[in-house]
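A.B. asks: Okay, here's the structure, questions in a sec.
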Number of protein chains: 4
Amino acid sequence: MIVVIRPDVSQEKIDHLIKWLSDKELIVREFHGEKQNVLGLIGNTKCIDMDMLKSLDIVESASDMNDTFKASNRKMHPADSIVNLESGTGPKIGGGNFALIAGPCSVESREQLTGIAKDVKVAGANFLRGGAFKPRTSPYDFQGMGSAGLEILLEAREATGLPIVTELMYLHNLDEFIEKKIDVIQIGARNTQNYDLLKELGRSTKAPILLKRGLAGTLKELLMSAEYIMANGNENVILCERGIRTYEQDYARNTLDLSAVPILKKLTHLPIIVDPSHATGRSDIVPSMALAAVAAGADGIIVEVHNDPKNALCDGAQSLTPKEFAKLSKKITKLHKALEE
Amino acid sequence: MIVVIRPDVSQEKIDHLIKWLSDKELIVREFHGEKQNVLGLIGNTKCIDMDMLKSLDIVESASDMNDTFKASNRKMHPADSIVNLESGTGPKIGGGNFALIAGPCSVESREQLTGIAKDVKVAGANFLRGGAFKPRTSPYDFQGMGSAGLEILLEAREATGLPIVTELMYLHNLDEFIEKKIDVIQIGARNTQNYDLLKELGRSTKAPILLKRGLAGTLKELLMSAEYIMANGNENVILCERGIRTYEQDYARNTLDLSAVPILKKLTHLPIIVDPSHATGRSDIVPSMALAAVAAGADGIIVEVHNDPKNALCDGAQSLTPKEFAKLSKKITKLHKALEE
Amino acid sequence: MIVVIRPDVSQEKIDHLIKWLSDKELIVREFHGEKQNVLGLIGNTKCIDMDMLKSLDIVESASDMNDTFKASNRKMHPADSIVNLESGTGPKIGGGNFALIAGPCSVESREQLTGIAKDVKVAGANFLRGGAFKPRTSPYDFQGMGSAGLEILLEAREATGLPIVTELMYLHNLDEFIEKKIDVIQIGARNTQNYDLLKELGRSTKAPILLKRGLAGTLKELLMSAEYIMANGNENVILCERGIRTYEQDYARNTLDLSAVPILKKLTHLPIIVDPSHATGRSDIVPSMALAAVAAGADGIIVEVHNDPKNALCDGAQSLTPKEFAKLSKKITKLHKALEE
Amino acid sequence: MIVVIRPDVSQEKIDHLIKWLSDKELIVREFHGEKQNVLGLIGNTKCIDMDMLKSLDIVESASDMNDTFKASNRKMHPADSIVNLESGTGPKIGGGNFALIAGPCSVESREQLTGIAKDVKVAGANFLRGGAFKPRTSPYDFQGMGSAGLEILLEAREATGLPIVTELMYLHNLDEFIEKKIDVIQIGARNTQNYDLLKELGRSTKAPILLKRGLAGTLKELLMSAEYIMANGNENVILCERGIRTYEQDYARNTLDLSAVPILKKLTHLPIIVDPSHATGRSDIVPSMALAAVAAGADGIIVEVHNDPKNALCDGAQSLTPKEFAKLSKKITKLHKALEE
């Protein structure tokens, strides 16, 4: 249920209403906007007499929210959410803050990662990505460097100041991620509906969660997965479009669904970023699709960059060289400027 | 790598060869068929000199296996696998043994479950299904009775003698499933690529695993997920086709892909069953699709049956009544007879 | 609009009502069933006062029909339609009459076709298929023998007595098809929404039209395409499921959607047949899928049979040998018997 | 086959070679680039001795072309094709010439069309679109104004000078289109594989053909359909991405596949435009997707604009108002500038 509060009502009165609602075992979410204060109610709202609520002096309007997604719903929070790192410092994501996340698919060695990190920083990246734990369809394939890879990421963070984005695959590694203060925890497409993991990310951390859309996930499912995290206490969720599985498979790995960007913008206040590297699997079209994502209104992109794509241990065919990335970064800046004017 | 042994070689000689191969850190899988003895080698087979191997007296032929799936590959095990319950008693699945698995979507109460269990047993079911832990897209929906539901399943098992099939959603519940000797552990479509869970199912139990195809999973991915379980020690995997996500969504929930049955039969020795209830979401076409699955060669079907579909807590629209199920069961028997002749 | 007539009303009175309705520029379709007489009204039914209609002595009930498909709707014609050849003799399709249609993908020569025709007739086929005009994605590929191929089909018909089924690709060949009395005119998946062609098939002929589902067509679209033919005067439409385009492309050409059979049976009175050859593209799984189609309730199957699949000019990989077809045909007979009992 | 000619060879010598090749019944296509002269050979190239060809003085290299698409292949014509109107005057498409095509879904009246035409011209459109013949899934729906609609389009062309783009649905209307000098003939998604129509468009006209991708068409199929037109004599083909059919159907009609733009750019020299209106079916996200198309490198967009979207006879929900279109047009100009710099 959405309750819009009249403009000049005191916080005290709002707090009274919140208390009364909370006593009915509803979760109450407050949104203070420039023009509007909104209360969003989650839970068994049938216990509320809506006519009574509407008749209150301080209430401007009240309406049911039929959408299945609640906490992530833009109706609850009309302004864009801005996601901060837990430290409160460093780059932000959303509401006009663009995340340019770059780095190799897998962490391979200290030299490799630090080299790339420095290159992408100079080129304009504000986050460093790199996989330590890799989800692989085959149990017989390289599964990533694991904890050793995390250590190397920490060193690269120290060397460059770039906050790091890396994938958490298994619940039992969450403590390590928290301990090592991983800046942004990525949840991959295979785990988008791993509810156990999502719940725990809600309960145990306030670190931003970069949540990828499922392999053939609907937008509704993506929002509901965000809901699992948010309903359990962590509101810092960033959604990520990464290509969907369709019948067209001759020339790209997946079909990048860029309409997801403006559609999600209507539905939710959460930031939305795009991963053109995994979506296409082809470095030669990554720049075009990255620019298209920016023009579509994305709050960031996550791009694979490798100093030696041909010899990458994983997904080399989709990695840009640092030079190609620098060129792309410049174009993105120009595009942003043109769109803002 | 596949090594075919000459017909009349003594086991002693085979054991010598196996020892030699194992010393090279290869996993060696033995298949003793009526006509052929086959050794399947998994691991870094490049360390083997194939010419040397072929020149051995006891070896008839040796060839590389290019498929990414190994343990589940029919080349390794030309005959159908027959999956047994851990107890070694009770119904089997595969190789001519048909699994008729029936029961409600969710366990709702002792009375409900025992009533249905008795009905489906009389009608010919040899397994009882029922969900205690339910995967739900929304965190705000009914999530199943949990452990209390498992207890009710055990009681129904005791009352009817039917082995039970129920879904494990979370790794942290695995111990409970093992302790309570759940006969067949079902892994749902959202967990098909939850590798952490799959690995542990390989390590910790020998109970049969009923592994569902992902929401939009490929057959290759399904086999690779089976591989995660088998490579970790549990060979008792049953594959389940349950409908795939396609553009056609007007009249059924998913598109049941029955060609998966004969295709998987070519690729793997594992049993394949079909879930027409979740695939279609419509009880009025479940019988037709169940019969089609049997005609396509499935080793079993898993069907939802509810005594009062209209008031079911979950998925009533796709549940047969006990009477409808009894009618279907009779037709399946007739069909089997007609196909065998 | 659907108007149900009271049971014992004289035809004279019905005719009066029909005249009155026709004068309002409505198309009126009469259905005389054992239990019910139904009038189906197509056109601008808003000009009818439904209350007045319901108040008539001879009317039992009247209701709007919201479905977009009208003439093909089962509500208009509760019983199964039985499609006859224009001659009125020979095999029928639908309402318990099974069409076993077999033959080569392309007509290649008189010897080839007559040989296969005789073989499939002995094996139980009641229709002969063969393509004279072939739709090819590339303009540079073999496009069929054309008119010469039609001649050969006519000879094979004469030699065996089997009615022939062959594809009409181009409107400008329709006259030739009519002149040569092609028994069943097949419309391929690329022409399912070629409305010009469909309209003309409605206007110019009463020959049965075998209408294939589009490459990625919905069931609703298939019915609407049937509607284009029926609304223009030819009611003899047979629907054909031939596999749909999905993300799963590793092991079969398309995904055969067998749930289309029972779903269409609910929606329409038209016969539904299945083409397992084009759907799968693999002769080794054609028999399984053909049997599954029969068990799902199909009114027929259309199967490719070639005496020398390896050297077929077109689609050899999906063709059964005459021997394989004979084996399948026997199984279908057994299956039918088992299902009828 | 692709034959690269040495840089400084005289045209006379090239002509000799072409004659020799043509005598072997090959189609020879000449491309004169700044850096390269290329001959593309289509037909039975096996009759050519490639070693002999390579040994010729004037030949730099020769190689087989394995792609199934030939005339549209970029290997044959390394530079972008620029499509001109038949008159040779007016706007061009491709090779840096951007087509901004705007107008209503359907022509409804003289006032409506002329009004919109003037508005979009002022806003920057260089082509006017409008449907006179409308493809409708239902035979009972409004099918467009037909020839009367064409007349209105001609008047709007005269009034504004904008060349017109309109859909040809039926072969029997082609003469009328040619007679009336329709500037760009659009072929809709349902006719993408109507080969009869495509062939005739190749034979009978040199007017530019705007060829839409099929409802669930692959890029390969789109190229092969272009090939049908080109192989029959008309090289002026413009490809159009218009959204594909996928499982995601909750929030948009189709999934706009923008990766089609850079991928097609690699494969073919033909211009590629994008239709965000039909792809999404939602005017509120059309501007975002139009901008994304521009950033992805499209050679044009085709957008629906209606003066009164709520009362449009067809597809109002996806139409921009003239004001919204003017705003979009300005942004596109800025974007182009930013990308060129």
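The values are calculated or read from the model by the stated rules, or taken from the named source; none is laboratory data. Predicted, not measured: the structure shown is a model, and the values here were computed from it. When we count neighbours, we look across all protein chains shown, and the Cβ atoms used for this are built from the backbone with ideal geometry, even at glycine.
A.B. asks: Among the residues of segment A:287-327, which ones are in contact with a strand residue (DSSP E or B) (Cβ under 6 Å, 6 or more places away or on another chain) and of a type in the set (A, V, I, L, M)?
C.D. replies: Result: A:ALA290, A:ALA293, A:ALA298, A:ILE301, A:ILE302, A:VAL303, A:VAL305, A:LEU313, A:LEU320.
A.B. asks: Please verify whether segment B:44-51 includes one or more residues that are out of contact with any Asp or Glu (no Cβ under 9 Å at 6 or more places or on another chain), of a type outside the set (Val, Ile, Thr) and surrounded by 15 or more Cβ atoms within 10 Å (Cβ to Cβ). Step through it out loud before you land on a result.
C.D. replies: Step one: filter segment B:44-51 for residues out of contact with any Asp or Glu (no Cβ under 9 Å at 6 or more places or on another chain), giving B:46, B:48-49, B:51.
Checking the rest, the ones that are also of a type outside the set (Val, Ile, Thr) come to B:46, B:49, B:51.
Next, from what is left, pick out any that are surrounded by 15 or more Cβ atoms within 10 Å (Cβ to Cβ): none.
No, every residue in segment B:44-51 fails to be out of contact with any Asp or Glu (no Cβ under 9 Å at 6 or more places or on another chain), of a type outside the set (Val, Ile, Thr) and surrounded by 15 or more Cβ atoms within 10 Å (Cβ to Cβ).
A.B. asks: Does segment D:298-305 contain any residue that is charged (D, E, K, R), over 16 Å from the mean Cα position of the chain (by Cα) and at the interface with chain A (Cβ under 8 Å from one of its Cβ atoms)?
C.D. replies: Looking for residues that are charged (D, E, K, R), over 16 Å from the mean Cα position of the chain (by Cα) and at the interface with chain A (Cβ under 8 Å from one of its Cβ atoms), one finds none in segment D:298-305, hence no.
A.B. asks: Identify the residue in segment A:266-295 that is charged (D, E, K, R) and in contact (Cβ under 8 Å) with a residue 60 or more places away in the chain and, among all such residues, is nearest to the other protein chains (Cβ to nearest Cβ). Walk me through how you get there before you give the answer.
C.D. replies: Of the residues in segment A:266-295, the ones charged (D, E, K, R) are A:266, A:275, A:282, A:284.
Next, from what is left, pick out any that are in contact (Cβ under 8 Å) with a residue 60 or more places away in the chain: A:266, A:275.
Values: A:LYS266: 7, A:ASP275: 13 Å.
Across segment A:266-295, the extreme among qualifying residues is A:LYS266.
A.B. asks: Please indicate, with yes or no, whether at least one residue in segment C:316-335 is at pLDDT below 90 and of a type outside the set (Val, Ile, Thr).
C.D. replies: Within segment C:316-335, the subset at pLDDT below 90 is C:316-317.
If we keep only those that are of a type outside the set (Val, Ile, Thr) as well, we get C:316-317.
Within segment C:316-335, one or more residues are at pLDDT below 90 and of a type outside the set (Val, Ile, Thr).
A.B. asks: How about segment B:220-241: which of its residues are within 12 Å of chain A (Cβ to nearest Cβ) and of a type in the set (A, V, I, L, M, F, W, C)?
C.D. replies: Filtering segment B:220-241 down to residues within 12 Å of chain A (Cβ to nearest Cβ) leaves B:220-233.
Result: B:LEU222, B:LEU223, B:MET224, B:ALA226, B:ILE229, B:MET230, B:ALA231.
A.B. asks: Do you know which residues across segment D:104-130 are assigned to a strand (DSSP E or B) and modelled with pLDDT of 95 or more?
C.D. replies: Step one: of segment D:104-130, the residues assigned to a strand (DSSP E or B) are D:106, D:127-129.
Matches in segment D:104-130: D:PHE127, D:LEU128, D:ARG129.
A.B. asks: If you check C:VAL3, C:VAL38, C:VAL83, C:VAL28, which single one turns out to be aliphatic (A, V, I, L, M) and over 30 Å from C:ILE185 (Cα atoms)? Write out each step before concluding.
C.D. replies: On the way: C:VAL38 fails: over 30 Å from C:ILE185 (Cα atoms); C:VAL83 fails: over 30 Å from C:ILE185 (Cα atoms); C:VAL28 fails: over 30 Å from C:ILE185 (Cα atoms).
Matching residue, one of C:VAL3, C:VAL38, C:VAL83, C:VAL28: C:VAL3.
A.B. asks: Please work out which residue is farthest from A:ARG245 (Cα to Cα), limiting yourself to segment D:191-249 and to residues that are of a type in the set (Lys, Arg), crowded, with 24+ Cβ neighbours inside 10 Å and in contact with a helix residue (DSSP H, G or I) (Cβ under 8 Å, 6 or more places away or on another chain).
C.D. replies: Taking segment D:191-249 and keeping what is of a type in the set (Lys, Arg), we get D:199, D:203, D:206, D:212-213, D:220, D:242, D:245.
The next check asks that each one be crowded, with 24+ Cβ neighbours inside 10 Å; those that pass are D:212-213, D:242, D:245.
If we keep only those that are in contact with a helix residue (DSSP H, G or I) (Cβ under 8 Å, 6 or more places away or on another chain) as well, we get D:212-213, D:242.
Details: D:LYS212: 22, D:ARG213: 19, D:ARG242: 18 Å.
So the residue we want is D:LYS212.
A.B. asks: Do we have A:ASN84 as touching a residue at least 40 places away in the same chain (Cβ under 8 Å), within 30 Å of A:GLY297 (Cβ to Cβ) and within 14 Å of chain B (Cβ to nearest Cβ) here?
C.D. replies: Values: touching a residue at least 40 places away in the same chain (Cβ under 8 Å): yes; within 30 Å of A:GLY297 (Cβ to Cβ): yes; within 14 Å of chain B (Cβ to nearest Cβ): no.
The answer is no for A:ASN84.
A.B. asks: Give me the pairs: first residue in segment C:186-212 and more than 23 Å from C:LEU128 (Cα to Cα), second residue surrounded by fewer than 24 Cβ atoms within 10 Å (Cβ to Cβ) and among the basic types (Lys, Arg), beta-carbon distance under 6 Å, and six or more apart or on different chains, which are they?
C.D. replies: Hits for this filter: C:GLN193/D:ARG190.
A.B. asks: Report yes if C:ALA156 is among the small types (Gly, Ala, Ser) and within 30 Å of D:ALA71 (Cβ to Cβ), otherwise no. Reasoning before the result, please.
C.D. replies: Details: among the small types (Gly, Ala, Ser): yes; within 30 Å of D:ALA71 (Cβ to Cβ): no.
Here the answer is no, as C:ALA156 does not meet what is asked.
A.B. asks: Separate question: Does C:ILE178 fit the bill of being away from chain D (no Cβ under 14 Å), surrounded by fewer than 21 Cβ atoms within 10 Å (Cβ to Cβ) and among the hydrophobic types (A, V, I, L, M, F, W, C)?
C.D. replies: Details: away from chain D (no Cβ under 14 Å): yes; surrounded by fewer than 21 Cβ atoms within 10 Å (Cβ to Cβ): yes; among the hydrophobic types (A, V, I, L, M, F, W, C): yes.
Taking the combined requirement at face value, the residue satisfies it.
A.B. asks: Further question on the same structure: Out of curiosity, is C:LYS134 assigned to a loop (DSSP other than H, G, I, E, B), more than 9 Å from chain D (Cβ to nearest Cβ) and touching a Gly at 6+ places or on another chain (Cβ under 8 Å)? Explain how you work it out, then say what you get.
C.D. replies: Values: assigned to a loop (DSSP other than H, G, I, E, B): yes; more than 9 Å from chain D (Cβ to nearest Cβ): yes; touching a Gly at 6+ places or on another chain (Cβ under 8 Å): yes.
Yes.
A.B. asks: Keeping to segment C:107-132, report how many residues are surrounded by fewer than 24 Cβ atoms within 10 Å (Cβ to Cβ) and touching a strand residue (DSSP E or B) at 6+ places or on another chain (Cβ under 8 Å).
C.D. replies: Residues meeting the conditions: 5.
A.B. asks: Considering only segment A:28-41, how many residues are modelled with pLDDT of 85 or more and closer than 19 Å to A:MET230 by Cβ? Step through it out loud before you land on a result.
C.D. replies: Just the residues of segment A:28-41 that are modelled with pLDDT of 85 or more, to begin with: A:28-31, A:37-41.
With the extra rule that they be closer than 19 Å to A:MET230 by Cβ, the set shrinks to A:28-31, A:38-41.
Number satisfying all stated conditions: 8.
A.B. asks: Filter segment A:137-174 for residues that are without any contact (Cβ under 8 Å) to a residue 24 or more places away in the chain and among the polar types (S, T, N, Q); which is farthest from the other protein chains (Cβ to nearest Cβ)?
C.D. replies: A:GLN143
A.B. asks: Quick one: which residue in B:GLU324, B:GLU340 is closer than 25 Å to B:GLY115 by Cβ, among the acidic types (Asp, Glu) and either crowded, with 24+ Cβ neighbours inside 10 Å or without any contact (Cβ under 8 Å) to a residue 60 or more places away in the chain (or both)?
C.D. replies: Working: B:GLU340 fails: closer than 25 Å to B:GLY115 by Cβ.
Result: B:GLU324 is the single residue among B:GLU324, B:GLU340 that is closer than 25 Å to B:GLY115 by Cβ, among the acidic types (Asp, Glu) and either crowded, with 24+ Cβ neighbours inside 10 Å or without any contact (Cβ under 8 Å) to a residue 60 or more places away in the chain (or both).
A.B. asks: Just give me the residues in segment C:35-51 being small (Gly, Ala, Ser) and under 19 Å from C:ALA79 (Cα atoms), in sequence order. Please lay out each step first, then the result.
C.D. replies: If we filter segment C:35-51 for residues that are small (Gly, Ala, Ser), which is where we start, we get C:40, C:43.
Of everything in segment C:35-51, just one residue is small (Gly, Ala, Ser) and under 19 Å from C:ALA79 (Cα atoms), namely C:GLY40.
A.B. asks: Which residues, taken from segment A:270-310, are within 23 Å of A:ASN234 (Cβ to Cβ) and either assigned to a loop (DSSP other than H, G, I, E, B) or modelled with pLDDT under 95 (or both)?
C.D. replies: Within segment A:270-310, A:LEU270, A:PRO271, A:ASP275, A:ALA298, A:ASP299 meet the criteria.
A.B. asks: Output the number of residues of segment B:53-106 satisfying the condition of being buried (at least 18 other Cβ atoms within 10 Å of the Cβ), among the aliphatic types (A, V, I, L, M) and farther than 14 Å from B:LEU39 by Cα.
C.D. replies: Qualifying residue count, segment B:53-106: 7.
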